[in-house]
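What follows is one structure encoded as structure tokens, with my remarks underneath.
Nothing in this text is a laboratory measurement; each read-out follows from the coordinates by a stated rule. Bear in mind that the values here come from a model prediction, so they are computed numbers and not experimental data. Ideal geometry is used to build each Cβ from the backbone, glycine not excepted, and the neighbour counts take in all protein chains shown.
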Amino acid sequence: MIVFVVFSCNKKQEQNKTKKGNNINTSQSNKNKTEENKKNSEKDSSEIEKQKEFSSEEAIKKAEEEFLKDSKNLEKYRNYVTVAFYQNREFKRTKEITEIFLKNAPDYSYGYRVMADILFYEKKYKESAEYYEKAIGILKHGKQSYAEYKDIKVLNNVLSEIIEKNLIQAYRLSGNNEKAVETFIINQKFLKENYNPLLYNIALENAKKDNEMLKSTNSKKYEENKKKLSDLN
């Protein structure tokens, strides 16, 4: 009876050792598979990125070739800018292409807006504001405004966005809070009528904050702006 118990215990120990060994082997195998999968995944990701990069380069090249065939064509210019700048952040060449477009089609606002966006991304806010001003001037008074957007509501929405989201922000980031407030006050009525109500309210509050920055540097202007802003809603 005792011998049987010892034999049984020995047998169980052997079984446990075997299970433990199998578990170690399984664990090692799983680890190897995980590492292999990770390497394959990294390889696949690398290949995908290369394909994307190649695909982007081809798309940019094709869009550029199409534009250069007719460098006055707004749609071809838009297509190039979308692929090269807004999707792939190709700054240098987009600047060069935009200069060509502005030279050949100066009556369109879009080229000025793109140049302003490039300068904005480069953190050249003062220069950026100058181009946004040009784009706004053409959209307000230019003969090609409706040719660009064809719908008055779309045109006014685009104009509102450039004024508040782009121009005022460029003045703000350049440190010219006085100009940021002045621009809002001048365009307040237009923004209220055409801009998203929620965004308009945010813009109004931002103008009040910008004006507070003038309190210690230009108290007279601060008081003038404060009165004007307090009358707005």
* Asked: Tell me, which residue of the range 109-131 that is in contact (Cβ under 8 Å) with a residue 40 or more places away in the chain and touching a Ser or Thr at 6+ places or on another chain (Cβ under 7 Å) is surrounded by the fewest Cβ atoms within 10 Å (Cβ to Cβ)?
  -> Lys126
* **Residue satisfying condition, being touching a helix residue (DSSP H, G or I) at 6+ places or on another chain (Cβ under 7 Å), of a type in the set (Phe, Trp, Tyr) and surrounded by fewer than 16 Cβ atoms within 10 Å (Cβ to Cβ), within set Phe67, Phe101, Phe91, Phe85** => Phe91
